[in-house]
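Q: The structure's right below; bear with me while I get my questions together.
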Amino acid sequence: MSQHTAVLLLGSNIGNTKNNIDEALEAIAQEHTILKKSEYLISEPVEFVSSNIFCNIATIIQTDLSPVQLLDYVKKIEINMGRKNDSKVTKIYTDRIIDIDIVKFNELKFLSERLEIPHKRHLNERKFSKILLKDII
């Protein structure tokens, strides 16, 4: 099996946000190698209004999964942790217990209905993302 390098961004703005991120990282580490993590960053919600602030982190992992398999894996973590709405499906951003986005996967360019790699909004538009990614890339 070939190993791939993926960059993930995790965020939470419900409950104990740092613990939510740590729990998601533990789930990721069960089947993938975490190579690097950024510091935690507190940020305001982006593209929707909420009184709940976000805790965010970026991480680089090593995986033998394909991009779509990795997407399925992180979506399963989100559901297992209690996330009910997927903004990619609903087209509406809401508060969330955990959000895990694939930002990069090797140097792959990939586009489907469910996944875009690289994740252009995180790389180019969202200030909090650029701060986190600068910390690890």
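Q: Answer yes or no as to whether ILE14 is of a type outside the set (Gly, Ala, Ser) and either within 14 Å of PHE128 (Cβ to Cβ) or out of contact with any Lys or Arg (no Cβ under 7 Å at 6 or more places or on another chain) (or both).
A: Answer is no for this residue.
Q: Now a separate question. Restricting the range 23-45 to residues that are of a type in the set (D, E, K, R) and over 15 Å from the mean Cα position of the chain (by Cα), which is modelled with the lowest pLDDT?
A: Ranking the candidates gives GLU44 first.
Q: Please indicate, with yes or no, whether at least one residue in the range 17-31 is open to solvent by 30 Å² or more (accessible area, probe 1.4 Å), out of contact with any Gly (no Cβ under 7 Å at 6 or more places or on another chain) and more than 21 Å from ILE97 (Cα to Cα).
A: Checking the range 17-31: at least one residue is open to solvent by 30 Å² or more (accessible area, probe 1.4 Å), out of contact with any Gly (no Cβ under 7 Å at 6 or more places or on another chain) and more than 21 Å from ILE97 (Cα to Cα).
Q: Could you go through the range 113-133 and let me know if any residue there is free of Cβ contacts under 8 Å to residues at least 12 places away in the same chain, assigned to a strand (DSSP E or B) and of a type outside the set (A, V, I, L, M, F, W, C).
A: Yes, the range 113-133 contains a residue that is free of Cβ contacts under 8 Å to residues at least 12 places away in the same chain, assigned to a strand (DSSP E or B) and of a type outside the set (A, V, I, L, M, F, W, C).
Q: Another question about this same structure. From (1) surrounded by 13 or more Cβ atoms within 10 Å (Cβ to Cβ); (2) under 15 Å from the mean Cα position of the chain (by Cα), pick out the condition that doesn't hold for SER66.
A: (2)
Q: While we're on this one: At least 2 residues that are within 20 Å of GLU107 (Cβ to Cβ) and out of contact with any Cys (no Cβ under 9 Å at 6 or more places or on another chain) in each: list the strands (runs of 3 or more DSSP E) lying fully within the range 1-43 that qualify.
A: By residue number, 4-12, 33-37.
Q: Could you go through the range 78-85 and let me know if any residue there is open to solvent by 70 Å² or more (accessible area, probe 1.4 Å), polar (S, T, N, Q) and assigned to a helix (DSSP H, G or I).
A: yes
The values are calculated or read from the model by the stated rules, or taken from the named source; none is laboratory data. Only a predicted model underlies this, so the values are computations on that prediction, with no experimental measurement involved. With ideal geometry, Cβ positions are generated from the backbone for all residues, glycine too; neighbour counts draw on all protein chains shown. When the accessible area is computed, the model is the full protein with side chains, heavy atoms only, and any ligands, DNA or RNA have been set aside. Shrake-Rupley method; radii C 1.70, N 1.55, O 1.52, S 1.80 Å.
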